[in-house]
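*Asks:* Mind looking over this structure? Questions follow.
Every number here is computed from the coordinates shown, using simple stated rules; none is lab data. For clarity, every value in this text was computed on a predicted model and none was experimentally measured. Virtual Cβ from ideal backbone geometry, glycine too; neighbours counted across all protein chains shown.
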Amino acid sequence: MSGAGLRSGQVAAAAGVNIQTLRYYERRGLLAEPDRSPGGHRLYDEEAVTALRVIKAAQRLGFTLEEVAELLEAGRHRHGRPVPGLQDRAAAKLTEVDAKIADLTTIRAALAAAVEAGCDDLTVCASSTCCPIPFTDLAEENRHAGPCC
């Protein structure tokens, strides 16, 4: 790339990341090693901006950097054709997200019940039979009936 190309700051700004993120992705092999100017500055092409946007979008969808690296590597060997396994990986990620949503819904319900019950002390609540916080490790016989939190 003789004289043409984007410098690190330009690529980072265009992709909405900081320069440290750009360099980290380079070290991880997520981005190709850029060409260098005669003065030693990194010079990227527009594909680097696209790659950064793809990486960030995949992360927002819940893929880890390791998973993103695998998807990018598979894509490099397909030369523009669809990446085999992306549908399977997306379906698995969707199942994972659904499980997290179910867990968060359960946590939310317990917290809302604790707020509504006026729970203010975990120790007192742990010994109360009417506390809505799920102290699952406590045996029922160790719970004493007492005033609700």
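*Asks:* List the residues, sorted by chain then number, that are 5 or more residues from L31 or on another chain and whose placed amide H is less than 5 Å from its amide H.
*Replies:* Correct list: E26.
*Asks:* For region 7-19, in order, what is each residue's ³J(HN,Hα) by Karplus, 6.51 cos²θ - 1.76 cosθ + 1.60 with θ = phi - 60°, in whole Hz (x at glycine and Pro)?
*Replies:* 7, 3, x, 5, 5, 4, 5, 5, 8, x, 10, 9, 5
*Asks:* Can I ask one more? Which residues' amide hydrogens lie under 5 Å from the amide hydrogen of L43, considering only partners 5 or more residues apart or on another chain, with H built in the peptide plane?
*Replies:* Residues meeting the criterion, in which the H sits 1.01 Å from N, are D35, R36, S37.
*Asks:* Give a residue-ordered list of calculated ³J(HN,Hα) values for region 122-134 (Karplus: 6.51 cos²θ - 1.76 cosθ + 1.60, θ = phi - 60°; whole Hz; x for Gly, Pro).
*Replies:* With coefficients 6.51, -1.76 and 1.60, one gets 4, 5, 5, 4, 4, 9, 9, 6, 9, 5, x, 6, x Hz.
*Asks:* Step through the residues of region 103-112 one at a time and calculate ³J(HN,Hα) from phi using the Karplus curve (6.51 cos²θ - 1.76 cosθ + 1.60, θ = phi - 60°), rounding each to whole Hz and writing x for Gly and Pro.
*Replies:* 4, 5, 5, 5, 4, 4, 4, 5, 5, 5
*Asks:* Compute the distance in nm between two label points, each set 7 Å from the Cα along the Cα-to-Cβ direction, one at I19 and one at A74.
*Replies:* My value for the distance between the label points is 3.6 nm.
*Asks:* For K100 and T64, compute 0.36 nm times the residue count separating them, minus their Cα-Cα distance, and round to one decimal in nm.
*Replies:* Values: separation 36, 0.36 × 36 = 12.96 nm, distance 1.54 nm.
11.4 nm is the gain from fully extending K100 to T64.
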